[in-house]
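> Here it is, the structure, as structure tokens.
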Amino acid sequence: MTTPPMKRMEGRVAFITGGGAGIGAESALQFSREGAKIIIADLDERTGQAAADAVVAKGGEAIFVRTDVTNGDSVRAAADAGVAKFGGIDALLCSAGGSLPADSPITEVDMAVWDRTMVLDVKGTMLACRHVIPKIIAAGGGSVVNMSSGAGLRGSNPAHIYTAAKGAIISLTRTLSGTYALKNVRVNCICAGRIN
């Protein structure tokens, strides 16, 4: 009798912001297939709980924690809840973010679009890293993956603000990578293409 191969994330715990839908929800399922326990951190209770339930329905372990990534206290509480449930956190996927239909060229855009996009995309990523990286270090190291966009590399028209936010995430990832490598934490960025 042969032993089945060990799953790549067996015994690990993944914290996923924006885990209730889209890339975050699909990543939760994939991480679970690879053996990880999942913490779904999302603002939307309906989709967040549905994503956790989908992981459990496929035989995995997951919890949903209502989380506002733009609020440091909310992110800290979610990270603490994940540690309380699973004993630690080994991986962080920062998938919360997005753009607004009103995003437009810099000379025309409503400044409310700047405020909302930068706070959600950049501050949200920063706060997740701020509060979850110490948990990863405490667990002995692990991995952070920040979601950016091809727009952050090549530019985009007319979504100037989204482009700036995703470019900021790339730069943030670079500096975190150098800073936390000595703590056994890998920090990488995915610059996704267009996703339905």
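The values are calculated or read from the model by the stated rules, or taken from the named source; none is laboratory data. Predicted, not measured: the structure shown is a model, and the values here were computed from it. Heads up, the Cβs are rebuilt from the backbone with ideal geometry, glycines too, and the neighbour counts pull from every protein chain shown. These accessible areas exclude ligands, DNA and RNA; they are computed on the full protein's heavy atoms, side chains included. Shrake-Rupley method; radii C 1.70, N 1.55, O 1.52, S 1.80 Å.
> So, taking all protein chains as they sit and a 1.4 Å probe, how much accessible area belongs to Phe31, in Å² rounded to tens?
50
> While we're looking at this one, here's another question. Quick one: angle between helix 160-180 and the longest Cα principal axis of the chain, in degrees between 0 and 90, rounded to 10, please.
40
> Let me ask something else. Accessible area per residue of region 98-196 at 1.4 Å probe, in Å²?
54
> Tell me, how many Å apart are the Cα centres for region 131-145 and for region 58-130?
Here the two parts' Cα centres lie 16 Å apart.
> Summarise the accessible area of region 67-175 (1.4 Å probe, protein heavy atoms) by the percent that is carbon and sulfur.
Here carbon and sulfur together make up 55 percent of the probe-accessible area.
> Could you compute the longest span of the chain free of GluC sites (Glu not before Pro) located in DSSP loops and having at most 12 other Cβ atoms within 10 Å, not counting the site residues?
11-107
> Next up: For Cα pairs less than 8 Å apart in space and 6+ apart in sequence, what is the mean separation divided by the residue count of the chain, i.e. the relative contact order in percent?
18 percent.
> Something else now. Mind giving me the nanometre distance, one decimal, between the label points for Arg33 and Ile195, set 7 Å out from Cα along Cα→Cβ?
Each label point is offset 7 Å from its Cα along the Cβ direction, giving 1.5 nm.
> Roughly speaking, what is the stretch gain from Val119 to Glu45, that is 0.36 nm per residue apart minus the C-alpha to C-alpha distance, in nm to one decimal? Before the final figure, lay out the partial values.
Numbers: separation 74, 0.36 × 74 = 26.64 nm, distance 2.05 nm.
Difference between extended and current length: 24.6 nm.
> Given the options Val122, Val56, Val109, state which has the largest fluctuation in a GNM of the chain using a 10 Å cut-off (strictly under) for Cα springs.
Highest fluctuation among the options: Val109.
> What figure, in Å² to the nearest 10, do you get for the accessible area of Thr2 with a 1.4 Å probe and non-protein molecules left out?
Only protein atoms counted, so the area is about 120 Å².
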